[in-house]
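Here the structure comes first, spelled out in structure tokens, and everything after it is commentary.
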Amino acid sequence: MLDRYWFGEVNRISPEAPVPVVRVERREERLGGAANVARNAVALGAQIGLLGVVGKDEAGDAVQNMLEELRIESFLNRDAAISTIIKLRVIGRHQQLLRIDFEEAPSETILRDKLTQFNALLPNYDVIVLSDYAKGSLVNVAQMIEAGRRLGKYILVDPKGEDFSRYKGASILTPNKSEMRHVVGSWKSEQELTEKAQQLRQSLDLEALLLTRSEEGMTLYTAAEVLHIPTVAREVFDVSGAGDTVIATLATMIGAGKPIAEAVSIANRAGGIVVGKLGTATVTMEELFG
């Protein structure tokens with residue numbers, strides 16, 4: 001995805017409708033979606049390859065150019081039948097006033113090509129991150145996980161939707177509270193949540209389930225333990241892209257050989273730092289360990 005930001009001043013209300021008038025003074029573009037995950041991982045020193053779908057359009061060119069600038073190996077499938085997904089955010093007085101989304105699902109031909117390419121690239125990477133934004137690019141996620149397991153890859157999934165069965169066999173699943181509630185139902189106590197989380201982890205054959213809980217921090221569920229890590233956010237300015245930062249940091253630390261509990265603790269710290277920044281942002285090693 002391409003994240004576009006229009007920054008401006010708000011000094012009056014429109015005479016046409018009761019809405020603010022933004023006089024745009026500056027425009028900015030950033031990598032979004034899975035490209036933001038890649039951007040976060042490369043900021044921490046990881047070597048990254050990105051497989052995804054964009055349109056054959058100006059926005060797709062912008063994504064490609066930014067990936068090249070960051071030295072992220074790009075394996076983008078250019079689909080002439082669609083437009084690149086764009087999230088346009090209008091910012092006035094340091095507050096997001098409006099977001100406009102442009103999106104279309106990829107064609108079946110492109111998705112078949114992407115799965116073939118995924119299988120060809122798989123041996124070259126140690127850790128696989130599957131970021132599902134429910135935009136149509138991960139319809140083959142079950143086959144991807146199965147292929148990764150056959151080759152002994154560590155597979156992290158940021159899930160979406162009400163059916164997590166397609167993620168069966170992943171190493172770690174990282175749902176947030178809302179996503180978890182959609183799948184297992186509500187809970188009235190921490191004990192009930194633990195029971196539901198562990199049942200889900202076992203039924204999906206996961207090594208771990210990491211529940212991200214906003215201001216409540218994170219809880220890691222494994223066969224050996226339940227580890228709760230409180231939030232470390234100094235000031236919440238913008239939560240957009242925080243999940244991308246968390247899974248990118250987690251993947252990078254696991255790839256570097258950190259034990260899962262330590263990797264989760266570092267990822268929690270990264271999430272606390274990035275919500276203090278505007279828009280989809282990254283965290284550096286100096287910020288994490290300095």
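General remarks:
- Total residues in the range 159-174, condition more than 14 Å from the chain's Cα centre (by Cα) and open to solvent by less than 20 Å² (accessible area, probe 1.4 Å): 5
- E195 open to solvent by 80 Å² or more (accessible area, probe 1.4 Å), of a type outside the set (A, V, I, L, M) and farther than 19 Å from V127 by Cβ: yes
- The listed residues are G60, G49, G45, and the only one of them that is at positive phi and not acidic (D, E) turns out to be G45.
- Scan of the range 92-110 for residues that are out of contact with any Leu (no Cβ under 7 Å at 6 or more places or on another chain), of a type outside the set (D, E, K, R) and assigned to a strand (DSSP E or B), ordered by number: G92, Q95, Q96, L97, L98, F102
Quick grid of which residues meet (1) farther than 30 Å from N11 by Cα; (2) open to solvent by 70 Å² or more (accessible area, probe 1.4 Å); (3) modelled with pLDDT of 95 or more; (4) out of contact with any Asp or Glu (no Cβ under 8 Å at 6 or more places or on another chain):
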| residue | (1), (2), (3), (4) |
| --- | --- |
| E58 | yes, yes, yes, yes |
| S74 | yes, no, yes, no |
| I85 | yes, no, yes, no |
| G92 | no, no, no, no |
| D113 | yes, yes, no, yes |
| L122 | yes, no, yes, yes |
| I128 | yes, no, yes, yes |
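- When restricted to residues that are surrounded by 20 or more Cβ atoms within 10 Å (Cβ to Cβ) and outside any strand (DSSP E or B), the range 2-41 contains 10.
- S214 meets all of the listed conditions (1) closer than 22 Å to S131 by Cβ; (2) open to solvent by less than 80 Å² (accessible area, probe 1.4 Å); (3) not acidic (D, E) but one, namely (2).
- Qualifying residue in the range 136-154 (condition: crowded, with 22+ Cβ neighbours inside 10 Å, assigned to a loop (DSSP other than H, G, I, E, B) and not hydrophobic (A, V, I, L, M, F, W, C)): yes
- When residues of the range 96-106 are limited to those that are within 22 Å of the chain's Cα centre (by Cα) and of a type outside the set (D, E, K, R), the one surrounded by the fewest Cβ atoms within 10 Å (Cβ to Cβ): I100
The values are calculated or read from the model by the stated rules, or taken from the named source; none is laboratory data. This is a predicted model, so every value here is computed, not measured. So basically every Cβ, Gly included, is an ideal-geometry build from the backbone, and we count neighbours across all protein chains shown. Just the protein is used for accessible areas: all its heavy atoms, side chains included, with ligands, DNA and RNA removed. Shrake-Rupley method; radii C 1.70, N 1.55, O 1.52, S 1.80 Å.
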